[in-house]
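These notes are about the structure you will find just below.
The values are calculated or read from the model by the stated rules, or taken from the named source; none is laboratory data. Fair warning: this is a prediction, and the values are worked out from it, not measured in the lab. Note that we place each Cβ from the backbone using ideal geometry, even for glycine, and neighbour counts take in every protein chain shown. When the accessible area is computed, the model is the full protein with side chains, heavy atoms only, and any ligands, DNA or RNA have been set aside. Shrake-Rupley method; radii C 1.70, N 1.55, O 1.52, S 1.80 Å.
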Amino acid sequence: MPSKTKPLSPKELAKFEASRDLGAELLQSIHEMKAGKVRVAYSPAAEAREKTGLSQSQFAALLGVSVRTLQGWEQGRKQPSGAARTLLTIARTNPKALLAVAGK
């Protein structure tokens with residue numbers, strides 16, 4: 001298994017890829033999922049939106065951001081700023097409070 005901190009050289013990467021048994025790795029993953037050893041990890045933004053029960057477009061409008069920005073947060077491509085992070089924390093811990101302030 002390659003190091004997670006140091007990138008592999010092209011030669012090292014080729015050697016690693018040649019040594020892999022993708023079929024065995026997929027079967028192992030399936031066994032782990034069936035045994036409950038893995039779970040889906042939600043981003044804080046996705047968790048917050050889910051707790052409010054709003055659609056992406058409704059939640060983005062409530063936070064004052066674009067749907068694309070919200071999608072970036074939910075998919076882990078972007079991180080919310082301080083103020084948005086605070087609103088997401090409120091939405092996760094007390095979604096009714098955020099909805100009440102927004103008049104929803």
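Identify the single condition in (1) modelled with pLDDT under 95; (2) open to solvent by 40 Å² or more (accessible area, probe 1.4 Å) that residue 71 does not satisfy, given that it satisfies every other one.
(1)
Is there any pair with a first residue in the range 74-86 that is within 15 Å of residue 49 (Cα to Cα) and a second that is hydroxyl-bearing (Ser, Thr, Tyr) whose Cβ atoms are under 7 Å apart and which are 6 or more apart or on different chains, and what are they?
As it stands, the answer is 74/43; 76/43, since those pairs meet every condition given.
For residue 5, which of the numbered conditions (1) among the hydroxyl-bearing types (Ser, Thr, Tyr); (2) open to solvent by 60 Å² or more (accessible area, probe 1.4 Å); (3) part of a helix (DSSP H, G or I) fails to hold?
(3) is the only condition that residue 5 fails.
If a residue must be closer than 24 Å to residue 96 by Cβ and in a loop (DSSP other than H, G, I, E, B), how many such residues does the range 26-77 contain?
Here the count works out to 7.
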